[in-house]
There are 2 protein chains.
Amino acid sequence: MFGAIEAGGTKFVCGVGTGPGDLETIQIPTTSPAATIDAAIDFFRPHRSELCAIGIASFGPVDLRVDSWTYGYITSTPKPGWRNVDLAGAIRKSLDLPIGFDTDVNGAALGEARWGAARKLTDFLYLTVGTGIGGGALAEGQVVHGLIHPEMGHIRVPHDHANDPFEGSCPFHGDCLEGLASGPAIQARWGVSGRDLPIGHPGIALEASYLALGLANWVCTLSPQRIVMGGGVMQQERLFPLIRQELLRLLNGYIAAREITECVDQFIVPAGLGSRAGVLGALVLAEQAAKAND
Amino acid sequence: MFGAIEAGGTKFVCGVGTGPGDLETIQIPTTSPAATIDAAIDFFRPHRSELCAIGIASFGPVDLRVDSWTYGYITSTPKPGWRNVDLAGAIRKSLDLPIGFDTDVNGAALGEARWGAARKLTDFLYLTVGTGIGGGALAEGQVVHGLIHPEMGHIRVPHDHANDPFEGSCPFHGDCLEGLASGPAIQARWGVSGRDLPIGHPGIALEASYLALGLANWVCTLSPQRIVMGGGVMQQERLFPLIRQELLRLLNGYIAAREITECVDQFIVPAGLGSRAGVLGALVLAEQAAKAND
């Protein structure tokens, strides 16, 4: 059995199990690092003897470089109190188990690859659109990490100020994609949350157009076999057909792949694991850590 | 010994050798497929018995799926006469050698990784800015291919029409990055080529600002350890400091990696192999094909 933590900015989801069929989870509100991490450890302690490893899929930025002295830390987050917190180290020291550690979106991508909407794919993008916009990618079967880890939500896309005078909500970049199309951006622009935008509201088409611009850029950069979209904003299901249509318009036939041009309904899909992608992905991280420890 | 072909839209560079020290090349103007490919075969034929394999780094789009019946073809190119040309097959059939085949930019990325400015890196981007804009990426040590292959030049970036009324030169997308910042775009906008823009010409800063937008998006998407830039436009060396400065301004400290924030001169660098990156990359493709054939 494995332990799994989806460490989010508002809640920690902790679970034990082996997969979607038997995973039992609890939720812990994210308060101070000490209180939150202690509550997570308390959840796992009774299961300690059954567990082979614990996986953590964490909000970030995080340090994923195994040779770094801050490996396993949450690093430069603006979240009060959570800057430079040794999340993986605290769990490992208390429970003395191998720890798998990655970003929340990389974890969710792994979960979708194992049990969700990206099974058998070697190259795909998992994108979450909620409080922030984040992406986890597999390329050639490997999770993309690179120098730090991707921060996909912060790409720049065209912003027609005449059509959308909203300046963007990203404290670092203003009108990057996250600044234009995250949940808080929708709330700030329209005074209503993304999932509550009513039928016919102009915010739905605008949101779809920004997300499609992001997807077009990732299609050109990563050439994914599929894009899996989750997060609170994507619970507004009307977005999916609009995004697909706008993506095709933007690509304009240049990427001559039938998987895109003729099967866009299977190319842009909702997360198969819904809101459990992250914690199930953490379970995959635990499995990997156990294997690496063998 | 290996054979190498950099198959470009204006010339084929063919070579035999084992690396930068002994590679001997010739150039063949790209005319009709039959004449060009026959000339390449004629170059290799006297070396046939010494060669273990031939690598081809080709302009595209190309079909890289080994299980496809058009594997090794140049596919949907707008170049007259070259649509659906079985480039790899023609070379293989005539010379009866294992063939390595990839895009020109993926080849150049492999060349830079082996002998150039990206040695020992597992995650980097090679970008060429010339007749078109193209990128080849390594992620976790693997060349990124995905569904088809990346077409990085076609990402959308902000375009301030008030500051730059040029509509863009891409026949598919108008003002995608390639449409705004490729060599032909510079020529169409200013009536002068990128490398000939004189000191103080506003086109230099504008070009740097577009390229920096592209790089910012790729930094956020791929988290490269380095970005290597080649191609005719990048022979305008004044671009490098402007691009670096603008990239730092765009990222605004969000990607908290000292490799970027403190060492941007080593983060954005010119191609180490210059114009030989492609043909040397084809040599790496040949090596890989020989190994796969063993």
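Read-outs throughout are calculated quantities, based only on the coordinates presented, and are distinct from any laboratory measurement. Note that the structure is a prediction, hence the values are computed from the model and not measured. Note: ideal-geometry Cβ built from the backbone for every residue, glycine included; neighbour counts use all protein chains shown.
A few points about this structure:
- Under 11 Å, Cβ to Cβ, from residue A:20 - net charge with Lys/Arg +1 and Asp/Glu -1: +1
- Straight-distance crosslink candidates among aspartates and glutamates, where the alpha carbon sits under 15 Å from residue B:93 and sequence neighbours closer than 8 are dropped: B:38, B:42
- FRET E, pair residue A:45, residue A:291, Förster distance 25 Å, beta-carbon r, rounded to 0.05: 0.60
- Protection-proxy order for peptides A:197-206, A:183-192, A:39-48, each taking the mean of Cβ atoms within 10 Å per residue, highest first: A:183-192, A:39-48, A:197-206
- Using the Cβ of residue B:112 as centre and a radius below 14 Å, the other residues enclosed give a net charge of +1, where K and R count +1 and D and E count -1.
- Peptide B:151-164 shows a mean partner chain C-beta count of 5 within 10 Å per residue C-beta.
- The protein assembly as shown - charge dipole about Cα centre, Lys and Arg +1 at Cβ, Asp and Glu -1, debye rounded to 20: 120 debye
- Per-residue mean of C-beta atoms belonging to partner chains within 10 Å, peptide A:221-228: 5
- Of all the options B:278, B:21, B:100, the one that moves most in a Gaussian network model of chain B with Cα springs shorter than 10 angstrom is B:21.
- Inter-copy label distances at residue B:294 (7 Å, Cα→Cβ; nm, one decimal): 2.8
- Shielding score for B:244-252, defined as the mean number of other chain Cβ atoms within 10 Å: 2
- For residue A:179, the shell of other residues with beta-carbons less than 14 Å away shows a net charge of -4, using +1 for Lys and Arg and -1 for Asp and Glu.
- Dipole of chain B computed with +1 at Lys/Arg Cβ and -1 at Asp/Glu Cβ about the Cα centre; of B:90, B:182, B:127, farthest Cα towards the positive end is B:90.
- Structure remark: mean-square fluctuation, Gaussian network model of chain B, C-alpha springs under 10 Å; the largest value among B:284, B:13, B:66 belongs to B:66.
- What you get for the range B:32-178, charging only the Cβ of Lys and Arg (+1) and of Asp and Glu (-1), is a dipole of about 500 debye around the Cα centre.
- When both bridge partners sit in chain A, DSSP labels roughly 55% of those beta bridges antiparallel.
- Under the criterion of Cα pairs below 8 Å and six or more residues apart, the relative contact order for chain B equals 23 percent.
- The range A:1-151, relative contact order [Cα under 8 Å, separation at least 6], %: 18 percent
- The label-point distance for residue B:119 and residue B:188, in a model that sets each label 7 Å from Cα toward Cβ, rounds to 4.1 nm.
- Charged-residue dipole, Cβ positions (Lys, Arg, Asp, Glu), the range A:68-111 about Cα centre, Debye nearest 20: 140 debye
- Summary of the geometry: the range A:235-294 and the range B:196-254, compared by the centres of their Cα atoms, lie 31 Å apart.
- Since only B:117, B:101, B:33 are under comparison, the one whose Cα sits farthest along the positive direction of the charge dipole of the protein assembly as shown, derived from C-beta charges on Lys, Arg, Asp and Glu, is B:101.
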